Each structure stands twice: as C-alpha cells, then as structure tokens.
2 protein chains.
Amino acid sequence: MHNITVALDAMGGDFGPSVTVPAAVQALSHFPELKVVLVGDTPSINTQLKHLGYQRSPRLEVMHSDRVISNSEKPSFALRNSHDTSMRIALDLVESEHADACVSGGNTGALMALSRYRLKLLPGIDRPALVTALPTQSGAKTWMLDLGANASVDADSLFQFAVMGSALAQQHLGRCPRVAILNIGAEEIKGNDLVKRCSEMLTQCPSINYIGFVEGNELLSDCADVIVCDGFVGNTTLKACEGTAQFVLDKLKAKLATSTIKGWIARLLFSDMLSEVKALNPDQYNGASLLGLRGIVIKSHGSADISALVNAIGEAVHEVKRQVPNQISDRLEAVLLERQY
Amino acid sequence: MHNITVALDAMGGDFGPSVTVPAAVQALSHFPELKVVLVGDTPSINTQLKHLGYQRSPRLEVMHSDRVISNSEKPSFALRNSHDTSMRIALDLVESEHADACVSGGNTGALMALSRYRLKLLPGIDRPALVTALPTQSGAKTWMLDLGANASVDADSLFQFAVMGSALAQQHLGRCPRVAILNIGAEEIKGNDLVKRCSEMLTQCPSINYIGFVEGNELLSDCADVIVCDGFVGNTTLKACEGTAQFVLDKLKAKLATSTIKGWIARLLFSDMLSEVKALNPDQYNGASLLGLRGIVIKSHGSADISALVNAIGEAVHEVKRQVPNQISDRLEAVLLERQY
C-alpha cells in the first residue's frame, strides 16, 4: 500500500489544536495508508496528544510553528507576512513533495493566495476555484464551482472552471458529466456577457458535455453534474440555500412544537434532517477543494468539529488517490487540442 | 373615495383571458375604489365575461388588441414591434394618465424595456429594478432588489436601488429602514469592486440607514429591511431559495410518507407550508414592482393563477395609494442634496 502524507495546518480553524489534533488521530485510524504532519505550536499539540493518550508512531509527525495567519488578515498582507506560519509551512511541505496534500481550516483568502504562490497554477489555468458536491433530489451529487475563490472572473476562467469540474466529476461518475452554466433564465438571450460568452465557448467544445443554462431553483434537482458560475454568485446562492433550508426547518419545528405527538415526531425527523441541511452551507463543506493548482489543497471550514475535519482529511486522501491535478491537466490538454483543430 | 384605474394586460401570462378576466372581476369585488381596463382580444374577453355571468359595469372597460408579445421575443425586437400589442396599450394608458398603474404577466424583458420607453425613468435613476418583499424568520418582511431586471449594473445603479428600496420600505415600516448590500462576506475587504464602491457611497449618505454587508444565508433572517444586489445575483439567489425550500420539503415529505400517522401529520403540515414556500420563488411574487419609473408597473408571474393575479392587482392599488414613484423621487432628491453639501 502506497503511503499518503497529509500536511494538516494544526493552528487553522476557530478551535486550533483542540480540534485538529484529535481529528488527525481519528483520521489515522480511519485511513490505514495515511500519514499526518501536524504543523503548529508543538507544546499545544503535545498537550492534546497527551490528553488523548496517543502512543507516538511514525505515522504522526509534528512540525513546529508558532505563527498563525488570523482570519481578518487580507490575502495580500498574508502573502507578505506568511513566513513561518503554520499554513505556509503546510503548503511548503506539499510544494517540496514531503506531503501529498494540505488541509487547512484557516483564512480562506490567505489559503487561496498562498496556495497559488507556493504551488502554482496548472498550465492553462488562470484562476483556481473552490468546488464542492451538492446533494440533489435524486441522491446524485452535483459539483458546483466557484464557491467564492474569485469575486469576479472573465469568460476564459469560467470556461476553465467547466473543464476542471468536468474532470473531477467524471472520475466519480465514470461517464462524461453534464456541464451547465448558472444563469437567470434558460434561453440563450438571457444573462450577462460573462455567461453568454462562456456558453459560446462550451458549445464549441465537443469533449465537454455542455447542456446549456440552468437557473437557481435547479441547483439541487440533479439537472446537471457540474454547474459553473463566478465566485460571487456561487457563494451567495449556496449560502442562500443553507439559509432557506434552516428557515424552512425552523418554521416546521415551530409548527411541530405545539403538541406532544408532533414534537416527538419532530425530534425523530430533524436529527438527521439537520445534518443534511448543514451540508448545504458552502462554508461547511468539509472539505471543499481548491482546483486548478499543481498540488492538492482542501479547505476545511473554520468552525468545523472533529468529525468534519476528519471528512476534510478523507477528501484529501481521496484526491491524492485519484490524482485530481493530473486528471485536470489531461482534460485541459484534450480541450486545447480540440480548439486548435 | 378616489378611483384607482388599473390597466390589465389581458393577454399576458401563460393562460391569457381565462385567468386575467376572472382575476379582474374578483379584484373589482375586493377593492371598491378599483376600476379595471382589460386590454386584449375583445371576443375572448367577452366569452370569459359571459361565462362568469358578469353584469357590465362602468368599473370594467374592455380595450381591443389582437397582438401579443410572446415570451421568446427579445426586448429589442419587442420594442420595435410592440405597436398595438396588449402590453404596449396597457402601458400607454398609464403614460397618457388614463390609468394609474399597469399589471402584466407577459414577457418580463419586454415589459421592462417598454415600461422604460413609454413611462421614462424618474430623474436621477439610471435603471429600473425589480423588487419584492421576502418573508423572514421573525415574520417581518425584507425587500430585495434587483431580482433580475438588470443582468449587470454599476455602483451608481446599485446605490440608486438602495435609495429606491429604502423609500419603498419606509412607507411600510414607518421608520428609517436598515439597508444592506448582499456580499460574499461581512468584512469590508470582501467582495467585488461593485459592492465595495457602493458600500463607500452608502456610508457617506446620512439619510440612508446603511448597515453594511450581509451574506446569502442571512436573506430570510430579518437582518436588514432592504437588501440590494445586481439582478443576476438577486435572481439566482432567490431562485436558489425557492429550489432549496422545495428540496427540504420534498425530503421531509418522503420521510413522512412512510407511515400512516406521519402521513396524516404531513398532510396537516404541508398544505400551508407549501404556500409559504411558493412565496420564495422570485417569479411567483405577485406582484413584483418595477421601481424607478415615472409610473407604476407590476409584473405578475406568467404562470400566476387567478388569486395570484388578484394579489398583483392589489399591489398596484396599494402602490397607487402610496404614490410610490413620488416617494422615490423625494428620497432621491434628499440624498442628492446631502451629497452636494
């Protein structure tokens, strides 16, 4: 069995080592091929390990860093002042090939900027994108990107998002995924210049199974396998989904709370419904992948608990096994060849 | 009592006179001050009136038009070829002050373009906006605009949306409304140039109670009275809300359908929940107002049923009483005066 090494930013996220250390230990028992490098404040990490009664093993390494990038730091400042921070060291381990992937729950903007600076973009990619799989009515998944890595993009970048999303989804589905653009109407005449231009580009691309525009109410309807949009639209729509799910559940709960039998059924229902609803918050996707980089970087939510962070580490293991960056490169090369002829 | 005349595009919407004529007749009984001018194919309208056993009254007038703007027509084509269409005649009645408001369930893009061409924009307004009131957790309403009248806007237009929304909400609330901008984060550094620039403009505007950025998951949380965004973002986020509400309810229904007691409670619950969920579809808002025009134009959804269209006519009556365009003008004038000093 081939070892997979994940560099975990132990100081990232709202709870630091009190969540990252137990998550690393749990992940080691879940994934037998996994090795974790915990990057952060050694005394804090050791306290947590001792607290857990963890027996030292070569599968868990600790690398010291006493500097953390705060959530309020601008990406540009973080770039200039990242030296010796836990996030930067974790990414450097991927860059130097001492680790296969980096997982961090730290400042998203800083993680984006540093990942791009340290790992570089894949050839032909102008901007990385944050992607995750949404649940749908049929039980299938729909991959949506960008979820906020870029506040604004051009048509070339949106086209690249489609190629990256298609490459990622194809591996999960084992068939050529249906790719759509999120728009304000299904007709060709609808939308802004960005989506119209990208639609033209995708129409001329035989290896992408482009099915046209979809609307906001179709996100969770399994109408497409991949849905692309700019990061502003992706972030606001996905957060709107989460807010609405919460709104509807709160309303139902209030109605159900009025009598004993109803209350009993409510408790029966909502324990598992609530976890499905949480999965609709784009910040909660553990983990969302930064696609378009030469390395694998998984963004865990800042407020992720232990099991959510284990999921993010699991996502990293999965992407290493599937060699996602190589898959994207291959797909992109095929598309570029098509466009030449 | 002052009469209020509404010009109703009898041919607009998916069902034409079979919905518009009964809606007009119902609205006349709901609103004693109302007079309706039904604009459309006279034989079809008369057939419907006869079917309803309607007794002719001076409160219902029929104006013939045998041309309709189809839903697939581009706004630019509709502009050039609108002559004698039911939508155009209804708008002309407002322009010539034979009617106080126009209600149409026809082609949204054409209605936008024709309204602007016939009624003209208020001084100081560059673009009209589609607005509606969203339900929130507290039971209060939040006005959101633009919901898709403009696929892209500049910061000046977004600022004007904030002024228009503030003027509209103030009348309902009787206090200075909290105005927010929809963004991908709450911090000042987040977002694209559009929202950052508009945020600066609103911060410098004492008569607008600007409270900063809100995120997509806060739309239904009563965190603001007015939320502004460009029409692309507004349309996709609101439709995402509707799709998610449907998704959650479908999931709950599927769970509840498994046993008899649960099924019984489900039926008890969902009859009224479903109507609340429908109110989350921006296309279903009957009616959404086109703000920024010199006249009152209400967009009814194409698939609106009779009661939904009666609601849209009611909204028109309400806006005529409140003289919404004048309120917007006054607010805009106050803001411009502030900016001069």
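Given the options A:Thr85, A:Thr42, name the one that is surrounded by 14 or more Cβ atoms within 10 Å (Cβ to Cβ), under 19 Å from A:Val297 (Cβ atoms) and of a type outside the set (A, V, I, L, M). Even if it seems obvious, please write down each step before you answer.
Working: A:Thr42 fails: under 19 Å from A:Val297 (Cβ atoms).
Criteria check complete, one pass: A:Thr85.
In this entry, A:Leu158 is excluded by the filter for residues that are under 25 Å from A:Glu97 (Cβ atoms) and not assigned by TED's automatic domain parsing to the domain that holds A:Asp92.
State whether one or more residues within region B:52-66 are over 30 Å from B:His2 (Cα atoms) and either acidic (Asp, Glu) or modelled with pLDDT of 90 or more (or both).
yes
Taking the criterion of being among the aromatic types (Phe, Trp, Tyr) and closer than 21 Å to B:Ile69 by Cα, the only residue of region B:1-54 that qualifies is B:Phe15.
Taking the listed residues B:Ala24, B:Ala10, the one that is farther than 20 Å from B:Leu119 by Cβ and surrounded by 15 or more Cβ atoms within 10 Å (Cβ to Cβ) is B:Ala24, with no other qualifying.
Among residues that are outside any helix (DSSP H, G or I) and buried (at least 17 other Cβ atoms within 10 Å of the Cβ), B:Val179 is included.
Applying the criterion of at least 1 residues that are without any contact (Cβ under 8 Å) to a residue 60 or more places away in the chain and in contact with a strand residue (DSSP E or B) (Cβ under 9 Å, 6 or more places away or on another chain) to the strands (runs of 3 or more DSSP E) found wholly in region A:21-104 leaves A:34-40, A:60-64.
Residue selection: B:Ala78 fails the criterion of being within 14 Å of chain A (Cβ to nearest Cβ), crowded, with 22+ Cβ neighbours inside 10 Å and touching a Pro at 6+ places or on another chain (Cβ under 6 Å). Here region B:247-267 is the region considered, the condition is being within 9 Å of chain A (Cβ to nearest Cβ) and over 13 Å from A:Phe247 (Cβ atoms), and the residue that is modelled with the lowest pLDDT is B:Lys262. All conditions but one from (1) buried (at least 18 other Cβ atoms within 10 Å of the Cβ); (2) within 23 Å of the chain's Cα centre (by Cα); (3) not assigned by TED's automatic domain parsing to the domain that holds B:Asp230 apply to B:Thr132; the one that does not is (3). Just one of the numbered conditions (1) surrounded by fewer than 19 Cβ atoms within 10 Å (Cβ to Cβ); (2) in contact with a Ser or Thr (Cβ under 8 Å, 6 or more places away or on another chain) is not true of B:Glu33: (2).
Of the numbered criteria (1) among the charged types (D, E, K, R); (2) over 21 Å from A:Asn107 (Cα atoms); (3) in contact with a His (Cβ under 8 Å, 6 or more places away or on another chain), the one A:Asp41 fails is (2). So, of the residues in region B:170-188 that are of a type in the set (A, V, I, L, M) and in contact with a Cys (Cβ under 9 Å, 6 or more places away or on another chain), which turns out to be farthest from the other protein chains (Cβ to nearest Cβ)? Top of the filtered list is B:Ala180. Within region A:189-213, count every residue that is more than 10 Å from every other protein chain (Cβ to nearest Cβ) and either outside any helix (DSSP H, G or I) or among the basic types (Lys, Arg) (or both). Final tally of qualifying residues: 11. Condition check: under 20 Å from the mean Cα position of the chain (by Cα) and at positive phi. Does B:Gly53 satisfy that? It is false that B:Gly53 is under 20 Å from the mean Cα position of the chain (by Cα) and at positive phi. Taking (1) touching a residue at least 40 places away in the same chain (Cβ under 8 Å); (2) buried (at least 24 other Cβ atoms within 10 Å of the Cβ) in turn, A:Leu194 satisfies each apart from (2).
Checking each residue in region A:95-118 for being in contact with a helix residue (DSSP H, G or I) (Cβ under 6 Å, 6 or more places away or on another chain), at pLDDT 90 or above and of a type outside the set (Ser, Thr, Tyr) picks out A:Glu95, A:Ala99, A:Asp100, A:Ala101, A:Cys102, A:Val103, A:Gly106, A:Ala110, A:Ala113, A:Leu114, A:Arg118.
Considering only residues that are crowded, with 24+ Cβ neighbours inside 10 Å and assigned to a helix (DSSP H, G or I), which ones fall in region B:143-158? Matches in region B:143-158: B:Leu158 only.
Residues of region A:217-239 that are outside any helix (DSSP H, G or I) and within 7 Å of chain B (Cβ to nearest Cβ): A:Leu219, A:Leu220, A:Ser221.
The values are calculated or read from the model by the stated rules, or taken from the named source; none is laboratory data. A quick note: this is a predicted structure, and the numbers were derived from the prediction, not measured. Cβ: placed from backbone, ideal geometry, glycine included. Neighbour counts: every protein chain shown.
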